[in-house]
Amino acid sequence: MNNLLKMNYIVSIVGRPNVGKSTLFNRLVGRRKAIVHVTSGVTRDRIYGSSEWNGVQFSIIDTGGFSVLTNDVLEKEIKNQIFIAIKESDVILFLIDIKIGILDADIEISKILRKCQKIILLVVNKIDNGKSIYSDTDFFRLGFERYYYISAINGSGTGELLDKLIEIFKQELLKKKENILLENKSIPRFSIVGRPNVGKSTLINSFLNKKHHIVTNISGTTRDSLDVFYKKYECILVDTPGVRKKSKIRDNIEFYSIMRTFKTIEYADVCFLMIDADRGWKKQDMNIFRLVKKNHKGIIILVNKWDLFHKKNVYTQKDYECLIRKKIYPFYNVPIFFISAKNKDGIHKILPMAYDVLKFRNHRLKTNILNKIMLPILKKKPPTPKKKNKFITIKYCTQLPSCTPKFIFFSNFPQYIKESYKRFVENKIRSHFDFIGVPIQIFFRKK
């Protein structure tokens, strides 16, 4: 059994659209990771999660709805993702809807699955009561030996299905495979954020040197936050849906996707804020930047599609960079890379810099060094008080023992110090110490 516990098994959920794949995925994972909606076709990329049953851990992949007859470019990409998931899997759960019955699409999917030479369990979903089990036995003609009745929405029958999965794991003692979703908190998480269609998924595909995520010229293709382990740099890369203005959010699904992006930022160590060079730095980019800063995460700015922009414009990288740094002042020392995610130009510097930012985020200054450098600066240019007849002095400063850089300055009248002086202090800290790409917090307290 010890060997079994160390093995990593992968189970994929496959089926046509709207049969309850994401509902079953959430049920097995034990949290609402995949978006569930009455609209079919919500899941597009492969979504990974971890589950445990009787002490045995395994990974689950939720796939997009398999449409057999359509030739739409997005549907073709979804099919490619499903085939990749099948290839990675040890066991496939083929999900069908008993209420609708067997459709031609189910028959075509069953033919494809039988050719893949994997362990396949036919899972009959939406069994609301015992009578439903015997009301329709049409699914037998799909020709699968193992079948299970469940209701993904209320959990009935899933225990028996999980028992069977563990039994299969014991019998097969499948080869150990790399766990795609690593929950180990010591491994850094790098999230790629930005507006829709700026090239976030393309960048991850270029890092991995394979087509891992769906990429099209249709904005909003990515709807879930997607985790992938990048072995070369021992980190987790997180692709996120594009963040639009509130007024441009078209439906509930997009709203849920954007909320998930906000949640992803909370759990990230460093965020890569990607912008389209041609579109420039807009108000929404500034909003995302402020959100990352508010969550005290490291940040790197990526100006994508620079090759296309540079051909049409006379702007140099220095000019473009200066415009961005003016917008984000006093947090001016953010690393900025000019890249082409599609052509892989300039991307090799990003992840080494992300590890540097991570190091700066954990940087701790000795109190005597901080006071030796900062106090003469603050004495030479003391705060201008909000009220007359108030002479403000700052006598002492120190860095707090926190997980992100926080500094406290002790003053005789901290309540009268203006916000602009706080920005001045931040600027001086950044100019003398290494906090590249790291938000810092400054507090004034009564001495």
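Think of each Lys and Arg Cβ as +1 and each Asp and Glu Cβ as -1; about the Cα centre, that makes the dipole of segment 388-447 roughly 380 debye. Surface calculation, 1.4 Å probe, protein heavy atoms: K428 sits at approximately 60 Å² accessible.
Annotation: for a label point projected 7 angstrom from Cα along Cα→Cβ of F391, residues of segment 403-425 with backbone N closer than 14 Å are 412-413. For the set K327, K418, solvent exposure ranked by accessible area (probe 1.4 Å, protein chains only) runs largest to smallest as K327, K418.
Note on F444: accessible area approximately 30 square angstrom, rounded to 10, probe 1.4 Å, nucleic acids and ligands left out. Against the criterion of solvent-accessible heavy-atom surface with a 1.4 angstrom probe, S51, S420 sort, most first, into S420, S51. Measuring against 27 Å, Cα to Cα, the residue pairs K232/K318; K170/K263; K87/K170; K231/K349; K200/K422; K318/K428 contain K232/K318; K170/K263; K200/K422 as the ones spanning a longer distance.
Taking amide H atoms as placed 1.01 Å from N in the peptide plane, the amide H of I10 lies under 5 Å from those of S59, D90, V91, each 5 or more residues away in sequence or on another chain.
The values are calculated or read from the model by the stated rules, or taken from the named source; none is laboratory data. Only a predicted model underlies this, so the values are computations on that prediction, with no experimental measurement involved. Neighbour counts are summed over all protein chains in view; Cβ atoms, including those assigned to glycine, are modelled from backbone coordinates with ideal geometry. Side chains included, ligands, DNA and RNA excluded: accessible areas come from the protein's heavy atoms. Shrake-Rupley method; radii C 1.70, N 1.55, O 1.52, S 1.80 Å.
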